[in-house]
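First up is the structure itself, then whatever we jot down about it.
No lab work stands behind these numbers, since they all come straight from the coordinates. Remember, predicted model here, so these are calculated numbers, not experimental data. Virtual Cβ from ideal backbone geometry, glycine too; neighbours counted across all protein chains shown.
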Amino acid sequence: MATNRGEPQLVDAYLAGLKNPAAKKTLGALRMQLRKLLPGAVETISYQMPTFKVDGNSVAGFAFFKNHCGYYPFSGGVVPTLKAELDGYTTSKSGVTFPPDKPLPAKLVKTLVQARLAEIAERGKKPSTAKKAAAKKALVTDRVTDSAVKEATGRDWKGWMRALDAAGGRELNHKQLVAHLAREVESTWWQQSIAVAYEQVRGKRVVGETADTGFQVGVVRTLPMRAETLWERLATQPKDWLGAGAKLTLEPGAGYAVPKRRGTPGVRGEVRVVKPGQRVRMTWQPDDWKKPATLQLTVVPKPRGAALHVHMEKLPDAKTREAMREHWSQVVEGLAKE
């Protein structure tokens, strides 16, 4: 079966635009190898890099930065699993970097692809232990004990589920649930906690969704540079984190736009809050989104660098939440390497 080259012209354009001859040759050869290894894959541009997808799952991606090439399996588990095979290479949890004139060996690329495909197949069978543990920890009823809620409010979790069911809780929105609870529970913290717990247990709310800010996600990474340097880069090089062609002035009320490029939707927004050297809060709306999300970047000095906190709120759904987690993880990874 031939490779489904859904958007070959986009990948062609990416490779044609590379100014480094060695990188162009190396990544072109890598593309041909991936076509052979993944004959049924779709070629596209995802998060500004050529990507091979199988049944909607990103399996392999590659890119060129200022002085190195990168291979990305779109997974936080593949690279750590192949630690022995990747000995001698510069790696991170999300990818492998290598010089433009020293391609990854064909055998190693095959191993990376096979490991990612095996991971996807296993994931389809059952949720990972880590994901189940994380989901469990995120539930209010698993974080707050029966004895604690009963001592503070007079009922345990089962008691509150029954009481709210009897009060028609399944038909109430979050604000109405809190108002009902306020009749019996004085503490606003417990009102909110019980309401959220009820919504989670009854399927009215999924993990990662809040009442006021919708779905949200955060990414944190400590970068090998001083906080002042990192802030200066965010302020003067918006293309490094917003995308190619981005123009931005860090002033409240300033609008910005990122042009559509190589299959990546354009983005527009407005700066809302700026605390120079520390924090910027802005709206962030891709062309195909009906409503804007809120994006906040915070720079925190650390003993050996600076931590960059990226936080998004008001995301439309859980799927977008995970896509944004992957997107900003790659953006921060790029900032750390360049």
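What 222 nm value per residue comes from the helices of the chain, counting each DSSP H run with n ≥ 4 as -39,500 (n - 2.57) and dividing by all residues, nearest 500 deg cm²/dmol? After summing the helix terms and dividing by residue count, I get -12000 deg cm²/dmol.
In this simple spin-label approximation, Glu171 and Thr236 carry label points 7 Å from Cα along the Cα→Cβ vector, and these lie 6.2 nm apart. Compared with the dominant Cα axis of the chain, that is its longest principal axis, helix 188-201 is turned about 60°. Relative to the current alpha-carbon distance between Lys158 and Glu228, full extension at 0.36 nm per residue lengthens the span by 20.1 nm. Taking Thr51, Thr91, Thr264 in turn, the Gaussian network model of the chain (Cα-Cα springs below 10 Å) assigns the largest fluctuation to Thr91.
If you wrap the chain in the convex hull of its Cα atoms and look at it from every side, the mean projected area works out to 20.6 nm². Spatially, segment 285-338 and segment 23-79 are offset by 22 Å when compared through their Cα centroids. Counting charges near Leu248 (Lys, Arg +1; Asp, Glu -1) among other residues having Cβ under 14 Å from its Cβ returns a value of +2.
Which pairs, out of Lys83/Lys110; Lys93/Lys337; Lys19/Lys260; Lys110/Lys319; Lys19/Lys53; Lys275/Lys314, put more than 19 Å between their alpha-carbon atoms? Among Lys83/Lys110; Lys93/Lys337; Lys19/Lys260; Lys110/Lys319; Lys19/Lys53; Lys275/Lys314, the Cα-Cα distance tops 19 Å for Lys19/Lys260; Lys110/Lys319; Lys19/Lys53; Lys275/Lys314.
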